[in-house]
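Below is one structure; the comments refer to it alone.
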Amino acid sequence: MSLDNLLSNWSQYRKGHEEGGFHDYEHRWGMAIDLDICTGCNACSTACYAENNLAVVGPERFEKGQAMHWLRVERYWDQSELDHPEQGASFLPMMCQQCNAATCEPVCPVAATYHTPDGLNAQIYNRCIGSRYCSNNCPFRVRYFNFYSYYESSWPEPLNMQLNPDITVRDKGVMEKCTYCVQRIRSAKNKAKMEDRKLEDGEFTTACAQACPTNAIVFGDWQDENSQVAKLWKKHEVTRAVTKQNKDNPEKRGYRIFEELNIDPSVMYLERVREKV
Amino acid sequence: MYNEKDINEQIAWAKINADVLRSMENPRKSYWVAIVICILMIACAVFAEYIQYTVGMGPSNLNNPHMWDMYIATFVFWIGMSHSGTLLSAILHLIHADWRKPIYRFAEAMTTFSLMTAGIFPIIHLGRVWNMYWVLPYVSDRGLWPNFRSPLVWDAFAISTYLSASMLFLFIGMIPDLAICRDNARGWRKKLYTVLSLGWSGNDRQWRNFRKIYLLMACFLIPLAVSVHSIVSADFAMSIMPGWHVTTFPPYFVAGALYSGCAAIITLFVLLRYFFRFEEYMTLPIMEKTAKLTFAIAMVWTYLNLIEFSSVWYGHDIYNKELLIDKATGAYAWVFWTMLFCGSVVPFALAFQKLRRHMPTMFVVSLLLNVGMFFERWMIVAPTLSMSHSPHQWDVMWGSIVEWAIVFGSLGWFGLLFLIFVKVFPSVSMYEVKEMVFHRQRHLVNEDAATKFHRRSDDKTTTGEPGLEGA
């Protein structure tokens, strides 16, 4: 964002959010997560730790709420109104929803978080000064802050050999969050470009979707009509840029979390079907 | 009941000079004790900040929902404290309330020093302090700018503008007094005041220019003060969090700011009056006026609180309503009720004239008011974070000793600056007290003449005198 750019594109800059940010998205990465087949096994979370060099903070700091799990499987037990307490917890894999009108973006004082032409909500670690406003303004609370420096404590030798070389290890004082495995997106895009072809659906996927034993997580380009994720969104009649989905048909289980806040998340969840006792 | 004057018109000008200059000399033992205590408090904070700087933000107990806590609350508290100095010196100056004259100087110093304290907090709360200048729009080869949409950037502009403007205002208003000091000082003080008084000789042209610039600065500062705290409130109001996304936040913050600032003025009023024996200048009627002002602001603050609660209650926004109920009944309930007690019930002590005139009571009451206002800021920051939209991330967090040490140390920092100020600069404006005495004397003379004149024109029996109509 240079001053020239700001002045020449002022009106476009101002209206960017209402009209969906970038007008010519290359891709719009999205997800569909079927809670009906999620078993809550946490494989996605573990895969995320391995893929994205997430620090393991230890039990005390986890207890204090300083954990760094970009993808957490939330458990909800108390659902007495649903009439099935004996059926156990409900699971909700929760990661950054890559909102199209992300609330974290406008509040960052140094523009360390911004929207990419891929429809991703990107975080620039080098630019972050750690004011933590983005996290405060995130209704999902999926932004994680490096409260300590973890390089030595989390990966003592020889564990540092298992770090993913494609991405960095973040130091203290920096905010981080789920990137939809942006390093995989980049290398797949580069590969397709080198081979002079279009990126195909299913060519690559995120670590969590790859690790999910029941294929509950589906990742893909929402803009590509033939992608699995776009088909799922269509099948369940979930549309973007609305604050409430039409829920007349019980067969259509799709919904987006906190979409009433007008943040336009990119993850569609499919409701869990539970039989009445 | 009590019918005294704000100030005794018969004080000789030389006595005013002597009294104020005396307050700047020969510090007592208690002064040095206070200085040492302040330095020790600062040392606590520096040590805590050293830990935080080297280890990371972790030791302060901040965690995922509670990304902000006491640092931001204390920041808002000190910013708020700074507002009443401007109220006293600029607003009351414009509306010609001359009772402000003996007490505005220290209030203005308080403004500057509390801003200097407040400015530290956004910096130390950063995860990467060493990169703090990235918030400012400096020229960079990479063409990188701060994000002008972020209220934190507005903060940086607002606070630095307000700090520099209020420092200038304090300094400009002090120039004639510094000249008096220069004429009466020796040694290093003489050199200091010679430089600072900018060659003031008190001639006609200097006074005229001085009046103009002082008025100009006053007019400039008033909108600035209001906008600064509105912008601080935007840090919260611009977010989408329940309890923060509130339309009334800007006036609410400004009212709270004036409130805590007036309470702090009362505290320092009592202290200066006692330690410097300023009974003749910081008189009981002036204290009464300050207390009444504080009471009025306290009621405005209470009213705005009620508006906020009722709009949440009748708004039926599920997140906001849950949060309000949690504030009143949850883990932070004791803070919430202490805030309401100190902020809305204790000020009723100011409604009683007997209490208004009793210095120890006023001292305790003013401290309680500020405790209430500190808790108010805490209640703005913490409960929202503890109970935002996502129920999985609900959490109650209490700050660690590291966090509290820095908050505690900020009191020492403010205290140290203020203690140095009162011994180096005149804490009562000498030239303006003289003005006040002079104008009141003139007023008395005019009043005498006016009563004589009216008696004459009303008196129908004395026909020999010419009436007004005949003239």
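The values are calculated or read from the model by the stated rules, or taken from the named source; none is laboratory data. As the structure is a prediction and not an experimental result, all values here were calculated from the model. FYI the Cβ positions are ideal-geometry reconstructions off the backbone, even for glycines, and counts take in every protein chain you see.
From the list B:L323, B:L367, which residue is closer than 25 Å to A:C138 by Cα and either touching a residue at least 60 places away in the same chain (Cβ under 8 Å) or outside any helix (DSSP H, G or I) (or both)? Lay out the reasoning, then the answer.
Details: B:L367 fails: closer than 25 Å to A:C138 by Cα.
Testing whether each residue is closer than 25 Å to A:C138 by Cα and either touching a residue at least 60 places away in the same chain (Cβ under 8 Å) or outside any helix (DSSP H, G or I) (or both) leaves just B:L323.
Sort out which residues of the range B:133-161 are assigned to a loop (DSSP other than H, G, I, E, B), more than 7 Å from chain A (Cβ to nearest Cβ) and of a type outside the set (A, V, I, L, M), and write them in order of number.
Of the residues in the range B:133-161, the ones assigned to a loop (DSSP other than H, G, I, E, B) are B:136-150.
Cutting the leftovers down to more than 7 Å from chain A (Cβ to nearest Cβ) gives us B:136-142, B:144, B:148.
Selection gives B:P137, B:Y138, B:S140, B:D141, B:R142, B:F148.
Looking only at the range B:387-401, count how many residues are within 13 Å of chain A (Cβ to nearest Cβ), surrounded by fewer than 23 Cβ atoms within 10 Å (Cβ to Cβ) and touching a helix residue (DSSP H, G or I) at 6+ places or on another chain (Cβ under 8 Å). Walk me through it before giving the result.
Step one: list which residues in the range B:387-401 are within 13 Å of chain A (Cβ to nearest Cβ), which gives B:387-400.
Pick out the ones that are also surrounded by fewer than 23 Cβ atoms within 10 Å (Cβ to Cβ) and you get B:389-392, B:394-400.
The next check asks that each one be touching a helix residue (DSSP H, G or I) at 6+ places or on another chain (Cβ under 8 Å); those that pass are B:389, B:394-397, B:399-400.
Residues that pass the stated criteria total 7.
Enumerate the pairs (first residue in the range A:122-138 and more than 9 Å from chain B (Cβ to nearest Cβ) and in a loop (DSSP other than H, G, I, E, B); second residue anywhere and of a type in the set (D, E, K, R) and surrounded by fewer than 23 Cβ atoms within 10 Å (Cβ to Cβ)) with beta-carbon separation below 7 Å, excluding pairs fewer than 6 apart on the same chain, so at least 6 apart or on different chains.
Close Cβ pairs (under 7 Å, with a partner that is of a type in the set (D, E, K, R) and surrounded by fewer than 23 Cβ atoms within 10 Å (Cβ to Cβ)) amount to A:Y125/A:E176.
Is it the case that the range B:326-341 has a residue that's surrounded by 16 or more Cβ atoms within 10 Å (Cβ to Cβ), part of a helix (DSSP H, G or I) and within 21 Å of the chain's Cα centre (by Cα)?
Scanning the range B:326-341 turns up at least one residue that is surrounded by 16 or more Cβ atoms within 10 Å (Cβ to Cβ), part of a helix (DSSP H, G or I) and within 21 Å of the chain's Cα centre (by Cα).
Of all residues in the range B:254-308, how many are among the acidic types (D, E) and over 30 Å from B:V437 (Cβ atoms)? Walk me through how you get there before you give the answer.
Here is the first cut: in the range B:254-308, the residues among the acidic types (D, E) are B:279-280, B:288, B:308.
From the residues that got through so far, the ones that are over 30 Å from B:V437 (Cβ atoms) too are B:308.
The qualifying residues number 1.
How do the pairs read when you match residues in the range B:240-261 that are more than 14 Å from chain A (Cβ to nearest Cβ) with residues anywhere that are crowded, with 24+ Cβ neighbours inside 10 Å and assigned to a loop (DSSP other than H, G, I, E, B), using Cβ under 7 Å and keeping only pairs 6 or more apart or on different chains?
Between residues of the range B:240-261 that are more than 14 Å from chain A (Cβ to nearest Cβ) and residues that are crowded, with 24+ Cβ neighbours inside 10 Å and assigned to a loop (DSSP other than H, G, I, E, B), the close pairs are B:G261/B:S82.
Count, please, the residues in the range B:264-292 that happen to be part of a helix (DSSP H, G or I), of a type in the set (A, V, I, L, M) and either modelled with pLDDT under 90 or more than 24 Å from B:P426 (Cβ to Cβ) (or both). Can you show your working first?
Our first condition is that a residue be part of a helix (DSSP H, G or I); within the range B:264-292, this holds for B:264-275, B:284-292.
Checking the rest, the ones that are also of a type in the set (A, V, I, L, M) come to B:264-266, B:268, B:270-272, B:284, B:286-287, B:291.
Add one more test, that the residue is either modelled with pLDDT under 90 or more than 24 Å from B:P426 (Cβ to Cβ) (or both), and what stays is B:272, B:284, B:286-287, B:291.
Count: 5.
Restricting attention to helices (runs of 4 or more DSSP H) lying wholly within the range B:30-132, give those where 2 or more residues are among the β-branched types (V, I, T). Spell out how you get there, then give the answer.
On the way: elements: B:70-81, B:83-86, B:104-118, B:120-124.
The helices (runs of 4 or more DSSP H) meeting that bar are B:70-81, B:104-118, B:120-124.
Could you give me the residue pairs with C-beta distances under 8 Å whose first residue belongs to the range B:144-173 and is among the basic types (K, R), whose second residue is surrounded by 17 or more Cβ atoms within 10 Å (Cβ to Cβ) wherever it lies, and which are 6+ apart or on separate chains?
From the range B:144-173, the pairs are B:R149/A:P106; B:R149/A:V107.
With buried (at least 23 other Cβ atoms within 10 Å of the Cβ), polar (S, T, N, Q) and modelled with pLDDT of 90 or more as the only criterion, which of A:N164, A:N137 stands out?
Numbers: A:N164 fails: buried (at least 23 other Cβ atoms within 10 Å of the Cβ).
Step by step, each of A:N164, A:N137 is checked, and only A:N137 is buried (at least 23 other Cβ atoms within 10 Å of the Cβ), polar (S, T, N, Q) and modelled with pLDDT of 90 or more.
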